[in-house]
Amino acid sequence: MCLAVPMELVARRELEGEVERNGVRRKVSLALLPEAEIGQHLLIHAGYAIGAVDAEEARETIALLEELARASEEGR
Amino acid sequence: MRGEGMLFDPRAVAALARRIRAAASALGRRVVLMEVCGTHTHAIAAAGLRRLLPPQVRLVSGPGCPVCVTPVDYLDRAEALAALPGTIVCTFGDLMRVPSSRGSLERSRAAGAGVRVVYSPRDALDVARAEPASRVVFLSVGFETTAPTIAAALAESEDSGIPNFRILPGNKTVPPPLRALASDPGVLLDGVLLPGHVSVVTGSRAFSFLAEELGVPAAVVGFTPADVLRGVLELVEQLRDGRAEVANLYGRVVREEGNPRARTVLDRFFEPADAVWRGLGAIGSSGLALRPEWAHRDASRIEVAVPEPVEPSGCRCGDVLRGSIEPPECSLFASACTPDTPVGACMVSGEGTCAAWYRHERRTAKERP
């Protein structure tokens, strides 16, 4: 039930936002995340943005997993 | 998000599994790790992650599915309200098939009661706008992830003057049952995988009591196979080293302080209240009640006859929700109780532990000695 999907904020007018992922667009409320900015990936739950993806943290996680994948190929 | 595929990369998953095995071999005992999020339950079962874990590490599901822990009398009341003339009950789809004392919301709707499935509490507001002569009741269930969205809908109903919108309060909060389970000497619990999207709102800080007061290692984790295994590795390493910390491994969306704006909106409408959890019983301050000034939004104040609650007999959902048995240990599992003919709530919701096991883990369970 706590499923939430990251979607990119592509338009906003006051607290009404429009988000997109894989070509699917949705209207969402920004009432719980008024500071959201265009181009940010937001976590969408039940029609509301509840959080924003920290791009730097996401890059770090992905880099860590790439390192693990390389280690795996090398049998480490 | 670039590189997102790495979160599912089989090589990274294999490397994590190998590290978990190495760390676990130094434990010298079996440990029980609990997740408390239906989305984790489902993700772990769907990816077959239990099969990658060494015998020293047992992964159990706690009370992480809001639908599964909603007491039967809440559903009975919702059905009674839906049967009142001029009343429309709006609900998330998850609740529709959960057995109540005498039927379910789905069966009520088939019998002509006013029940509508919505995706968002705002959709229920739209129903209230479109049908001003009806009384619209939104079934307010869910943890900290969901509760602020309902508070935001209440704020909108106040600010835009929508008088015919009410909610039936039934929200619950995750830290109190975790404290109860981690303090219960009858529950085996060595570490906790914390719910990622609850933590987006509460912040990882809300769970620091686990490590600081109870000495239980914990990790906030996301929902991909790599996310979950990183959490398991973190907990096994903490246990191996004799540490207890709350690690945030889902930093890409979870901050230590959470989403303060969401909590402010929540606090405007709700206050902590004692609540009953199906399977766990009453837990102090583990629910959210509407503050007295919002009594006009509170559908629990509508007078309606509700029958005496009847729990399904033989159902062991309660033991499953405490993590004390695995679903196949219940005599109804996969015989009398299946996703098509669910007896208990844990089999109904796609996120319920029994439903996840039925779909993904039956073969593994049979293969076990």
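The values are calculated or read from the model by the stated rules, or taken from the named source; none is laboratory data. Model, not experiment: these values are computed from the prediction. Here the Cβ is made from the backbone with ideal geometry for all residues, glycine too, and neighbour counts use every protein chain on show. Accessible surface areas use protein heavy atoms only, side chains included; no ligands, DNA or RNA. Shrake-Rupley method; radii C 1.70, N 1.55, O 1.52, S 1.80 Å.
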Using θ = phi - 60° and the Karplus relation 6.51 cos²θ - 1.76 cosθ + 1.60, list the HN-Hα couplings for region A:26-31 in order, rounded to whole Hz, with x at every Gly or Pro. 9, 8, 9, 8, 9, 4
Cα→Cβ-extended label distance, 7 Å offset, between residue B:268 and residue B:188, nm: 4.8
At what distance in angstrom do the alpha carbon centres of region B:205-224 and region B:298-365 lie from each other? 27
Per-residue ³J(HN,Hα) for region A:37-47, Karplus 6.51 cos²θ - 1.76 cosθ + 1.60, θ = phi - 60°, Hz, x for Gly and Pro: 10, 4, x, 6, 8, 10, 8, 9, 9, 6, x
Loop trypsin sites (Lys or Arg not before Pro), region B:157-245 (other Cβ atoms within 10 Å of the site Cβ: 14 or fewer; DSSP): B:243
GluC sites (Glu not before Pro) restricted to chain A and DSSP loop, no more than 13 other C-beta within 10 Å: A:14, A:35, A:37, A:74
In degrees, nearest 10, range 0 to 90: what is the angle between the Cα axis of helix B:121-130 and the longest Cα principal axis of chain B? 10
Other-chain or far-sequence residues with amide H under 5 Å of residue B:60's (modelled H): B:33, B:34, B:35
Enter the buried accessible area of the A/B pair, total of both sides, probe 1.4 Å, in Å² rounded to the nearest 100. 3600
Among the DSSP beta bridges whose two residues both lie in the protein assembly as shown, what percent are antiparallel, rounded to the nearest 5? 45
Using a 1.4 Å probe on the protein heavy atoms, what percent of the accessible area of the protein assembly as shown belongs to carbon and sulfur? 49
Over chain B, one equal point on each Cα, no solvent: what is log10 I(q)/I(0) by the Debye formula at q = 0.06 Å⁻¹? -0.23
Could you quote the convex hull projected area for the protein assembly as shown, Cα atoms only and averaged over all directions, in nm²? 21.4
What are the principal axis extents of the Cα atoms in region B:314-364, in Å, biggest first? 22, 22, 19
Acute angle (nearest 10 degrees) that the helix B:260-269 long axis makes with the longest principal axis of chain B, alpha-carbon atoms: 40
I'd like the antiparallel share, as a percent to the nearest 5, of DSSP beta bridges with both residues in chain B. 20
Which value, in Å², gives the accessible area per residue of chain B when a 1.4 Å probe is used on the protein heavy atoms? 38
Round to the nearest 10 and give me the degree value, 0 to 90, for the angle of helix B:225-241's Cα axis relative to the longest principal axis of chain B. 60
With all protein chains in place and a 1.4 Å probe, residue B:360 shows an accessible area in Å² (nearest 10) of 60
Residues whose built amide H sits under 5 Å from the amide H of residue B:277, excluding neighbours closer than 5 in sequence, are B:282, B:283
Report the net charge of residues surrounding residue B:209, where surrounding means a beta-carbon distance below 13 angstrom and charges are Lys +1, Arg +1, Asp -1, Glu -1. -1
More than 23 Å apart: what percent of Cα pairs in region B:236-369 qualify? 61
From the Cα trace of region B:1-143, what convex hull volume per residue do you get, rounded to a whole Å³? 149
Normalized C-alpha radius of gyration of region A:1-70, against 2.2 N^0.38 Å? 1.22
